[in-house]
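Contents: one structure, followed by commentary.
We did not get these values from a lab; they are worked out from the coordinates using the rules stated. Only a predicted model underlies this, so the values are computations on that prediction, with no experimental measurement involved. Every residue, glycine among them, receives a Cβ derived from its backbone with ideal geometry; neighbour counts consider all protein chains shown.
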Amino acid sequence: MKLKIIVVLSLVILQFEASAQGHFGAYMQTNQSTMSVRSLEHPDFGTYKYSYISGIGCGVIYEVDLNHHLSLSHRLNYSQKGFATYKFSEDNQLTNQKESFAFHYIRLDEFFKFWFEKNRGNSGYVMAGLRNELLVARELKENFRQPQTGELIDIENFNQWNFGGVFGAGLKNCNTFIEGGIDMDLAPALETETTKVRGITWFANIGIII
């Protein structure tokens, strides 16, 4: 049943795109990202959020107009994100020394944009959609710990593929646009019998589209 729904939705989108006007573009990104961790053995601990780190990204766009106020944006991009955490000492004590962990992803974003004005040469918009990303490299020298429990988290347990949601808003002026928003993991980036980790990224993009 799910497969039939996906096929029908794909055919509807392709039908729209076949008669729609397409636009190409490119953009650069700066972001602030972190990860949150939750102990499944101790749910009363709540969710712990690691410190933010700065990252970059870039991508290409193919966008089609579905009607006067709605467009569908396809984006293929590179994204660097991660988190920072305090180190533990050899006797398992939390120290004041921070360490950064970075991940490098190739990702495909698919989302809808709702334009406030019919004239998109000078209009604001809101956007929402989904992203799939492939982990291609990671800057993790060693395993790290769950600060609430002291549990050692194996870096090899991070998923190769990840799935999330993208929400944001932007402004287009002629062929230039700026936009910002939040990118959240809908599926855990790492999940074991005792721990679940999800990523959160705040981003700002600047680019051109013609």
Of 70, 130, 152, the most mobile residue in a GNM of the chain (C-alpha springs, cutoff 10 Å) is 152
Magnitude of the Cβ-charge dipole (Lys and Arg +1, Asp and Glu -1) of the stretch 78-184 about the Cα centre, nearest 20 debye, reported as 600 debye
Ranked by GNM mean-square fluctuation in the chain (Cα springs under 10 Å), the top entry among 129, 181, 150 is 150
In order over the stretch 152-167: 3J(HN,Hα) from phi, Karplus 6.51/-1.76/1.60, θ = phi - 60°, whole Hz, x for each Gly or Pro, gives 7, 9, 7, 5, 5, 7, 5, 5, 5, 10, 9, 9, x, x, 10, 9
Between residue 28 and residue 116, the FRET efficiency computed from the C-beta separation at R0 = 35 Å comes out, to the nearest 0.05, as 0.90
Which of 197, 166, 136 fluctuates most in a GNM of the chain (C-alpha springs under 10 Å)? That residue is 136
Spelling it out for residue 189: with amide H atoms placed in the peptide plane at 1.01 Å from N, the residues 5 or more places away or on another chain with amide H under 5 Å from its amide H are 197, 198, 199
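Based on DSSP H runs of at least 4 residues, each adding -39500 (n - 2.57), what is the mean residue ellipticity at 222 nm of the chain after dividing by all its residues, to the nearest 500 deg cm²/dmol?
-2500 deg cm²/dmol
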Taking only the alpha-carbon positions of the stretch 36-185 as identical scatterers, the Debye log10 I(q)/I(0) at q = 0.10, 0.18, 0.21 Å⁻¹ comes out as -0.48, -1.08, -1.32
Toy charge model, Lys and Arg Cβ at +1, Asp and Glu Cβ at -1: the chain dipole around Cα centroid in debye, rounded to 20, equals 620 debye
Farthest towards the positive end of the dipole of the chain, among 165, 83, 100 and with Cβ unit charges of +1 on Lys and Arg and -1 on Asp and Glu, lies the Cα of 165
XL table 81/172; 49/172; 81/113; 87/196; Cα-Cα > 31 Å flagged, in table order, is 49/172
